[in-house]
Amino acid sequence: MSYRRYPDRERALSQLDRRHSAPPPSELQQRLAVQARAALDNAGRELTPLAEALHRVAASAPALLAQTAPAASKFIEALKQPARTA
């Protein structure tokens, strides 16, 4: 195999000069694109409440931890402090 620089500018330009256009998308590809777009839109709507609930849990976690396990909360606070250098 011969060594070829990456990216090879001359090779890319020569391919563009061939004027080969990509074939138009098939009907199946178009339907799949529409379905994928709809799935992404629905996922955003469905996952938003879950993300908000997780943010609420994360915000209340330190207070709950301080009530239930004081030693663990002290440990977590110690981890938040910058590391000491010797």
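A search for C-beta distances below 8 Å between a residue of segment 50-70 that is within 18 Å of Lys80 (Cα to Cα) and any residue that is surrounded by 10 or more Cβ atoms within 10 Å (Cβ to Cβ) and of a type in the set (S, T, N, Q), counting only pairs 6+ apart in sequence or on different chains, returns Pro62/Ser73; Leu65/Ser73; Ala66/Ser73. Note on segment 35-66: residues that are of a type outside the set (A, V, I, L, M), modelled with pLDDT of 80 or more and over 19 Å from the mean Cα position of the chain (by Cα) total 3. Screening Ala69, Ala83 for residues that are surrounded by 10 or more Cβ atoms within 10 Å (Cβ to Cβ) and modelled with pLDDT under 75 leaves exactly one candidate, Ala69.
The values are calculated or read from the model by the stated rules, or taken from the named source; none is laboratory data. Because the structure is a prediction, the values reported are computed rather than measured. Don't worry about glycine lacking a Cβ; one is built from the backbone with ideal geometry, like all the others, and counts go over all protein chains shown.
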